[in-house]
Structure formats: C-alpha cells, structure tokens
Amino acid sequence: MRIALACDHGGFRLKESVKEFLMSQGLEVLDFGTFSEDSVDYPDFAIKAIKALLRGEVDRAILMCGTGIGMSIVANRFPGIRAALCHDVYTARMSRLHNDANVLVMGGRVLSPEVAQEMVKVWLTEPFEGGRHERRLRKIEDIERMIKEEVYEASKGVGD
Ligand code: RB5
C-alpha cells in the first residue's frame, strides 16, 4: 500500500512519527512536506497529497496540521475525497467501517504519537462495511454531481 503524507508546521512532528511508523511496517510513503516547523500554509500541502490520491499515485493519504481542522476542510473540497478528522482509535475505526474514508486527518497539537500510531494501524486495516453505508456514500456522490451540474448551469452564458 502506498500512502501520501502531508502536514503544516503544526503537524510536522506528528507527520515525522507517522512516517517512521509506516516505513517500519514496510509501507511505501510519499512525503509531500512540510519538512520543518517553520510556518507554512496548510492548503499548499494538503493539495499535493490529495492530487496524488486522485491521480491514483497512492492508495490513501494522511494529513496533519495543528488541529486537523484546516487540512480536513481543504481535503473535503475535492469530489471523491472522504477525509475523516479523527481524534481516537474509535473514530479512526468508524471512519473506515462506515465512511470508507480515503483520507485520515489528525491534529498534531491534539494527539500523542502513541495514540496516532494506534489510529493509523486500525485505519489502514479496517475494511469498509458496505451495505447501508454504501447507499449513503452514493448519496454523497449524487450531491457532488448536483453541485457540478449547478455550477455548469450557472456558468452558461458567462463570458459570452
Ligand atoms: C497553524 O497555526 C494552525 O492554524 C494549523 O496547523 C491548523 O490547526 C489549522 O486548522
């Protein structure tokens, strides 16, 4: 499994420990930065990992900032992305079982490296349950299509 990582300065330390853990498990990691605790803007790093995921260059992505909030807002802007901001093993597990999350988001200023490691372990192995949850995910796709069509309709005639 190939995993994209991205963080800002608030998630840097956690990203480094998650990276070390993933590599110790023999997993392939694509690290999109940031690479220090110097202040940066989280959208610049989120987009790199999300693009890699949408292009199929990785199977999953893990994003980290101070709280995880900024990274999850950016990631969920993209159709097809189901980014779950998780705070413990339970939410990490449920994000796979019920939401088929393809992006895990964590707060570097919220979680200890030990808890984050347990979360990552569970998140990488837990399957999607499907069934009624599949139906709900299809409804999210319907919403994405509807928004796309509305934007297309609204843009008709603009610039003519
Ligand atoms: C950076 O100070 C902080 O705002 C960022 O890491 C993140 O928590 C934003 O949601």
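Taken together, the values in this text are just the output of simple stated rules run on the coordinates, not laboratory data. Because the structure is a prediction, the values reported are computed rather than measured. Positions of Cβ are backbone-derived with ideal geometry, glycine not excepted, and every protein chain shown enters the neighbour counts.
Placing +1 on the Cβ of every Lys and Arg and -1 on the Cβ of every Asp and Glu, with nothing else charged, gives the range 116-158 a dipole about its Cα centre of roughly 100 debye.
Which angle between 0 and 90 degrees, to the nearest 10, do you get for helix 113-125 versus the longest principal axis of the chain when only C-alpha atoms count? Helix 113-125 and the main axis of the chain meet at about 50 degrees.
Where only DSSP H runs of four or more residues are counted, the chain gives -15500 deg cm²/dmol as its mean residue ellipticity at 222 nm, each run worth -39500 (n - 2.57).
What residue among Gly33, Ala49, Phe12 has its Cα farthest toward the positive end of the dipole of the chain, where the charges are +1 on Lys, Arg and -1 on Asp, Glu, each on the Cβ? Final value for the positive-end residue is Ala49.
On the principal axes of its alpha-carbon atoms, the range 43-83 has extents of 27, 15, 15 Å, going from largest to smallest. Dipole check for the chain: with +1 at the C-beta of Lys and Arg, -1 at the C-beta of Asp and Glu, and the Cα centre as origin, the magnitude is about 420 Debye. Taking Cα atoms only, the orientation of helix 42-54 departs from the longest principal axis of the chain by about 80 degrees. Peptide packing: for 87-98, 134-145, 70-81, 34-45, the average count of neighbouring Cβ atoms within 10 Å per residue gives the ranking 70-81, 87-98, 34-45, 134-145, highest mean first. Which lysines have a Cα lying under 17 Å from the Cα of Lys19, excluding residues fewer than 8 positions away in the same chain? Candidates past the 8-residue exclusion: Lys48, Lys121.
Projected over every direction and averaged, the convex hull enclosing the alpha-carbon atoms of the chain yields 10.3 nm².
The phi torsions of the range 104-111, fed into the Karplus equation with coefficients 6.51, -1.76 and 1.60 and a -60° offset, translate into couplings of 9, 10, 9, x, x, 9, 10, 10 Hz, rounded to whole numbers, with Gly and Pro shown as x.
Projecting each Cα onto the charge dipole of the range 12-160 (Lys/Arg +1, Asp/Glu -1 at the beta carbon, about the Cα centre), which of Ala154, Met106, Ile140 comes out farthest on the positive side? Of the options given, the answer is Ile140.
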